[in-house]
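Shown next, in structure tokens, is the structure this report addresses.
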């Protein structure tokens, strides 16, 4: 990833947003400002900023922390990020069939792995304790609807 | 005098045991999140938004105020002992504070930071108490055109003045405004940017965006770097927490000067505590009788900026409570909490929810005292928190973030969106895009559109209404100047 690629991503996003502006249905109500004006202006402004950012990036004037001393990524950056995101995907896939604690534990283990903790029993136990504590505080003490803690309680 | 009476009424409610308990919880949690790197007040308040359905508004806002002030207090501990400022406003504290700790004066650095925070927080709250009613009175003359112009000024200031690059600030603002447009247009009922997904009809929840950007984004960035697990050096708590006579003599003027920098700048539409802390640092350096100590652990260099930081925190509440304009990410999330309770913000907040506002202000005074008592005696506990291994710290942060977002609506879609915002947060962090304009834009986009429509309906479609009404025109002119002057100045400087 480079600033130029970020600019291309922004331009692509603006393209999708512009297409979405064209599919906003016109209101049948009589009014001074319809539903299209504000989104249209915002997309136009963002497109302009994205192009300016792109030009600036092309000239090498935009920053990337990975180029800064002591900020660059150590080897295995992609694996660590995928591990963290994998934890999130596990939570999304399993929270409805398995309740909160097991997916929360897997999510925590993914995150811990991203910070170089090994995938072992200790990690599972600590993450299980974290997920159970949060479930207890949020769902039991504060009444937030997190669903059941475990699948056999569903 | 009216303000004083109202404040006393606020104290009567704030001192009730239940409210006091919420205030204490807020201060404790706030200090905790201020101490812990990678978790700040905006994220914490966003995570607690789902509780707004279960807790009365007054208690909730008293807790939020405690978190907000507590985080400003707690940030100094991390800066001094770990040399890792949790937020940009604490960078200056780390400059001298960590050097003091290395010279065996960590206790005195923490003490001057805590007492300075108390002094400045109290001065800031006093200013808020007596200036806010004036601002409300002036704001009652605002029509929709003035509100729209004020919002334009506010978002331009937050994007263009703060951060390292105006362009990147404006890109972040544009993204925020675009995201704020997602959902059904409340006036016409037409869906916008929903891609046919029913989950997006209600718009993007602020909690999801804020938690994704701040928590998941930060964790992804640190995981990408892979340096966090190598750990920073936590300084030992050396030196007495009691300040010597000389420390007092060198600190007290710096506290007051810091407070007088912090509050007015914090209360301006651009908000922010970075500028006052820097101003305070350089002023102290200039006025100090020991300029040679700067860079090696000068106590004034901790006292002044910490005071400025806390006074600015009080200042940021001014536009939020009086005008309904958030000038920081935390203020934006607090505004969203007001919306969650169905409370209309703006000048009418003082008349319609007077009891709530004055209880909140009274709780700021009480919170300052709680924080002073909480901070120094519990400093060894805060130091222990800094030693939590990163894998378990970030596992906890992400699991609580996921729980907070999932618990808000039992929506798996929102959890997915949380991680998408996390990726966006990672990109923004890596390429130095500020997050605050995105959050402020997300919240102000629908409000701004509503004000614009009202103004144009009143003016029968005349766009000139934003420029011909004196107050609105002035605000627009200032916004235009903020956009034009800095690049022009840079160009002139280059040539």
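Tabulated values for the structure
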{"item": "Hull shadow area, averaged, chain B [alpha-carbon convex hull, nm²]", "result": "24.0"}
{"item": "Debye log10 I(q)/I(0) at q = 0.13, 0.30, 0.34 Å⁻¹ for segment B:341-383, Cα point scatterers", "result": "-0.46, -0.98, -1.06"}
{"item": "Mean separation of Cα contacts under 8 Å (6+ apart) over length of segment B:330-477, as relative contact order %", "result": "14"}
{"item": "Cα centroid of segment A:1-52 to Cα centroid of segment B:256-312, whole Å", "result": "41"}
{"item": "Normalised contact order of chain A, rounded percent, pairs of Cα under 8 Å and 6 or more residues apart", "result": "18"}
{"item": "Over chain B, relative contact order from alpha-carbon pairs under 8 Å, at least 6 apart, %", "result": "29"}
{"item": "Residue-averaged beta-carbon neighbours from other chains (10 angstrom radius) around B:414-420", "result": "3"}
{"item": "Near-label residues of segment B:354-384 by backbone N, under 15 Å of a point 7 Å along Cα→Cβ of residue B:18", "result": "B:356"}
{"item": "Residues B:59, A:132, sorted so that the one with the fewest Cβ neighbours within 10 Å comes first", "result": "A:132, B:59"}
{"item": "Which of B:288, B:159 has the fewest Cβ neighbours within 10 Å, and the rest in rising order", "result": "B:288, B:159"}
{"item": "B:27, A:128 arranged by Cβ crowding within 10 Å, fewest neighbours leading", "result": "A:128, B:27"}
{"item": "Prolate/oblate/rounded label for chain A (Cα gyration tensor, a/c 1.5)", "result": "oblate"}
{"item": "Partner chain coverage, peptide A:14-23 - average Cβ within 10 angstrom", "result": "3"}
{"item": "Highest average packing first - B:310-317, A:94-101, A:111-118, Cβ atoms within 10 Å", "result": "B:310-317, A:111-118, A:94-101"}
{"item": "Three-way shape call for segment B:395-495 based on the alpha-carbon gyration tensor, with the a/c threshold at 1.5", "result": "oblate"}
{"item": "Principal-axis tilt of helix A:121-135 within chain A, Cα atoms, nearest 10 degrees", "result": "70"}
{"item": "Peptide B:447-455, shielding by other chains (average Cβ, 10 Å cutoff)", "result": "3"}
{"item": "Order by protection proxy (mean Cβ within 10 Å, highest first), peptides A:47-55, B:137-145", "result": "A:47-55, B:137-145"}
{"item": "Span from the segment B:330-386 Cα centroid across to the segment A:65-133 one, whole angstrom", "result": "33"}
{"item": "Prolate/oblate/rounded call for the protein assembly as shown, Cα gyration tensor, a/c under 1.5 rounded", "result": "rounded"}
{"item": "Between 0 and 90°, nearest 10: helix B:436-458 axis offset from chain B longest Cα axis", "result": "30"}
{"item": "Packing rank of B:452-459, B:423-430, where each peptide gets the mean count of other beta carbons within 10 Å, highest leading", "result": "B:423-430, B:452-459"}
{"item": "Using alpha-carbon coordinates, inclination of helix B:2-14 to the longest axis of chain B, degrees", "result": "70"}
{"item": "Mean residue ellipticity (222 nm) of chain B, computed from DSSP H runs ≥ 4 via -39,500 (n - 2.57), nearest 500", "result": "-24000 deg cm²/dmol"}
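Every number here is computed from the coordinates shown, using simple stated rules; none is lab data. Keep in mind the model is a prediction, meaning the values are calculated, not measured. Using ideal geometry, Cβ is built from the backbone for each residue, glycine included, and neighbour counts are taken over all protein chains shown.
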